[in-house]
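Beneath this line is the structure, given in structure tokens, with notes to follow.
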Amino acid sequence: MEEQDKTLFAMDTWFSLTAYGENAGSALDAAEREVRRLESLFSVTDPDSELYALNHSGGLAVAVSGDMAQLLAFSLEMAEETDGRFDPTIYPLLTAWGFTTQEYRVPGQSEIDQLLTLTGYALIEQTEKNVEIPEGTQLDFGAVAKGYTGDRLAALMKEEYGISSALLNLGGNVQAIGRRPDGTPWRIGIRDPYGEDMLGVLEVEDAAVITSGGYERFFTGEEGKTYWHIIDPATGHPADSGLISVTVTGKEGAMCDALSTALFVMGVDGAADYWRTHSGFDMILVTEQDELYVTEGIAEQFDVASPQFSIKILNR
Ligand code: AMP
Ligand code: MG
């Protein structure tokens, strides 16, 4: 089968898209246009984006596009469902820690306490067409946008171009369409959070594989403590749950993405409880103690490559 590849820089990372079949080239061109379109809506930094306008609306109700309404409604639902561990309003905190500018710093507690009053998904009012957010509160879809984009690209490529085999790598977050052209499952490498090597390989078909890792963006403070870009919305500090990496796999990329972030904040016990009470996904957790937890639904599809990890299977 004909293979086509495309690499592009979008959403602050490199996308590498591979598709098979006679329409592969035009499907990838359409995918690129869709990425650019979604980016122009959801970029938190681009002053021309729809999100930017919403974040600078001075506390007034704003009419939003269908895409914005959909991603926001989904985000608020996930915030509710995860008890606020996933929260699309932590942006002011992210800025205070310097993650938005790379001018890293450890804010004082009084500054954090003040910013916590501006955060919290319950502050967002969404009606059928309008969204109202208080002045100073800011939305950020950094934890869901790539998963959502993966879903949209997969739907577009399948439904409009008849693609039945493709691998969409959105900066390490993967959306697999169908199987490999030879009919075998896709083999997705999961990064070892402590190095450049592979933690293991997961076999999937028609699924998203999304990882949140402390190693992706972090800085080291004066006392040698590591601070990373996943914020615990309850404390305003980087999540300190004992987890270093969370991989979530399932059919729905947006959900996997929101969960990879939320479960990272919850820690092993919270994540295991959440998994037992919710369906539609499986997960791989790595702790700071080199423990590796894999849910039973993917235990047979996951091959560990790093011998240093002791693997435990989570059962329902
Ligand atoms: P991910 O790599 O999917 O875990 O997304 C991390 C990004 O999501 C960060 O760079 C922030 O933009 C944003 N973020 C950080 N912590 C949270 C949180 N608790 N809930 C929602 N978004 C978050
Ligand atoms: Mg995420």
Of all the residues that make up the range 272-287, how many are closer than 12 Å to residue 302 by Cβ and either open to solvent by 10 Å² or more (accessible area, probe 1.4 Å) or free of Cβ contacts under 8 Å to residues at least 40 places away in the same chain (or both)? 2
Checking residue 176 against (1) within 16 Å of ligand 1 (Cβ to nearest atom); (2) in a strand (DSSP E or B), only one condition comes out false. Which one? (1)
Looking at the range 46-88, which of its residues are away from ligand 2 (no atom under 16 Å from the Cβ), of a type in the set (S, T, N, Q) and closer than 12 Å to residue 141 by Cβ? 49, 55, 70
Return the residue satisfying two criteria in turn: it lies in the range 119-135 and is touching a Leu at 6+ places or on another chain (Cβ under 9 Å) and open to solvent by less than 40 Å² (accessible area, probe 1.4 Å), and of such residues it is nearest to ligand 1 (Cβ to nearest atom). 119
Inside the range 62-118, can you point out the residues that are charged (D, E, K, R) and either crowded, with 20+ Cβ neighbours inside 10 Å or in contact (Cβ under 8 Å) with a residue 12 or more places away in the chain (or both)? 67, 80, 81, 85, 87, 111, 113
For residue 167: the one exception among (1) of a type in the set (A, V, I, L, M, F, W, C); (2) closer than 18 Å to residue 2 by Cα; (3) assigned to a helix (DSSP H, G or I): (3)
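Matching residues to (1) of a type in the set (Gly, Ala, Ser); (2) farther than 23 Å from residue 3 by Cβ; (3) within 16 Å of ligand 1 (Cβ to nearest atom):
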{"position": "15", "(1), (2), (3)": "no, no, yes"}
{"position": "52", "(1), (2), (3)": "no, yes, yes"}
{"position": "56", "(1), (2), (3)": "no, yes, no"}
{"position": "74", "(1), (2), (3)": "no, yes, yes"}
All positions within the range 197-252 that are in contact with a Phe, Trp or Tyr (Cβ under 6 Å, 6 or more places away or on another chain), open to solvent by 50 Å² or more (accessible area, probe 1.4 Å) and either away from ligand 2 (no atom under 16 Å from the Cβ) or hydroxyl-bearing (Ser, Thr, Tyr) (or both): 226
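The values are calculated or read from the model by the stated rules, or taken from the named source; none is laboratory data. Quantities reported herein were computed from a predicted structural model and do not represent experimental measurements. Cβ sites come from the backbone with ideal geometry, for glycine too, and all protein chains shown count toward neighbours. When the accessible area is computed, the model is the full protein with side chains, heavy atoms only, and any ligands, DNA or RNA have been set aside. Shrake-Rupley method; radii C 1.70, N 1.55, O 1.52, S 1.80 Å.
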